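Bear in mind that the values in this text are calculations on the coordinates, not laboratory data. The structure presented is a predicted model; accordingly, all values stated were derived computationally and were not measured. Because the Cβ atoms are built from the backbone with ideal geometry, glycine has one as well, and the counts that use them run over all protein chains shown.
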Amino acid sequence: MYTEETAVDRIEIMEDGQMQIRKAIRVYKDGVKIAETFHRHVVTPDQDIKGEHDKVKLVAAAVWTPEVIAQFIAKKPKPLEAIVEVVPEVVPEVVEPLVVPEESSAPMEEPLP
């Protein structure tokens, strides 16, 4: 008889408070493990974790203090729109339109030696 079990077998906490979660999916035949695969994902201090495993919620409650959450949010890159709002005049000057030459049926010139 085949059975399958899923378990959160690893939670790694990164320096900035992000957590890497590894789920193990194990397949058993007659009580003997015959296969094991892993799925990994990351959760961040500013993320809703209602759908996560209880182990993840417990670790997050201990690690994600208000200070950790505030520092994580402060270090997140700003969206491009926010950068454009700060320097709107610079963007059009930096981005020049691409000019594509018209196709010509004239033969190409020989390269210089």
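Figures for the structure shown
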quantity	calculated
Extension reserve of the residue 33-residue 53 stretch, reckoned as 0.36 nm per residue once the Cα distance is removed	4.9 nm
Net charge, residue 53 excluded, C-beta distance under 12 Å - Lys, Arg +1, Asp, Glu -1	+3
Residue-span extension gain [residue 16 to residue 42] - 0.36 nm each, minus C-alpha spacing	8.1 nm
Dipole-positive endmost among 49, 37, 14 within segment 1-70 (Cβ charges, Cα centre)	37
Length gained when the stretch residue 62-residue 74 is fully extended (0.36 nm per residue, less Cα-Cα span)	2.3 nm
